[in-house]
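Q: There's a structure below that I have some questions on.
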């Protein structure tokens with residue numbers, strides 16, 4: 001009888017632990033890279049960028065955690081999304097109103113931002129499209145726009161990656177770097 005009681009108690013405790021882990025996974029605010037939203041009005045369009053905000057945590061970011069010359073999902077967890085309420089011009093190129101997965105191909109001197117129409121994979125939000133080696137890739141068939149931007153040193157250190165939307169466009173800021181993108 002004691003064995004049955006003990007097994008039942010252990011199974012109950014394991015079930016409670018699994019339930020709490022499932023609920024913890026659903027609370028995205030408790031992630032190491034919590035979800036953030038940057039929104040603003042640029043040239044009459046409401047722009048919203050949803051992303052997960054990783055921290056530096058003493059790591060080498062550029063050319064380290066974020067490798068150069070490889071497509072990056074601009075954050076952590078689910079792919080970053082970029083939504084514009086109206087057609088806009090991004091660095092002089094037209095982007096139709098809509099929601100896009102936003103990627104970047106960083107180098108030390110120039111970044112390529114990639115707006116991609118593929119937002120889900122197997123019915124779930126994409127986590128930065130990954131290949132077998134774990135590299136983030138993009139699918140040219142679903143690519144809507146590529147633009148170039150110049151990275152520069154930021155005036156302040158940013159422990160957490162962030163986007164700022166407003167004025168004349170949006171800016172990615174993280175560590176000692178910022179990458180402004182013009183929108184009209």
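Q: Mind checking which residues of segment 93-128 are more than 18 Å from residue 49 (Cα to Cα) and modelled with pLDDT under 85?
A: Selection gives 121, 122, 123, 124.
Q: For segment 100-111, which residues satisfy the criterion of being in a strand (DSSP E or B) and either exposed (fewer than 15 other Cβ atoms within 10 Å of the Cβ) or touching a helix residue (DSSP H, G or I) at 6+ places or on another chain (Cβ under 9 Å) (or both)?
A: 101
Q: Out of the residues in segment 58-79 meeting the condition of being in contact (Cβ under 8 Å) with a residue 60 or more places away in the chain and more than 17 Å from residue 149 (Cα to Cα), tell me which one is nearest to the chain's Cα centre (by Cα).
A: Among those that are in contact (Cβ under 8 Å) with a residue 60 or more places away in the chain and more than 17 Å from residue 149 (Cα to Cα), it is 75.
Q: Assigned by TED's automatic domain parsing to the domain that holds residue 52, within 17 Å of the chain's Cα centre (by Cα) and modelled with pLDDT under 95: does that describe residue 142?
A: For residue 142, the condition - assigned by TED's automatic domain parsing to the domain that holds residue 52, within 17 Å of the chain's Cα centre (by Cα) and modelled with pLDDT under 95 - is not met.
Q: Is one or more of the residues making up segment 147-164 exposed (fewer than 14 other Cβ atoms within 10 Å of the Cβ), in the same structural domain as residue 57 (by TED's automatic domain parsing), in contact with a strand residue (DSSP E or B) (Cβ under 9 Å, 6 or more places away or on another chain) and modelled with pLDDT under 90?
A: No.
Q: Residue 75 - would you say it is in the same structural domain as residue 37 (by TED's automatic domain parsing), at pLDDT below 95 and surrounded by 15 or more Cβ atoms within 10 Å (Cβ to Cβ)?
A: yes
The values are calculated or read from the model by the stated rules, or taken from the named source; none is laboratory data. This is a predicted model, so every value here is computed, not measured. Glycine also receives a Cβ, built like all others from the backbone with ideal geometry; neighbour counts cover every protein chain displayed.
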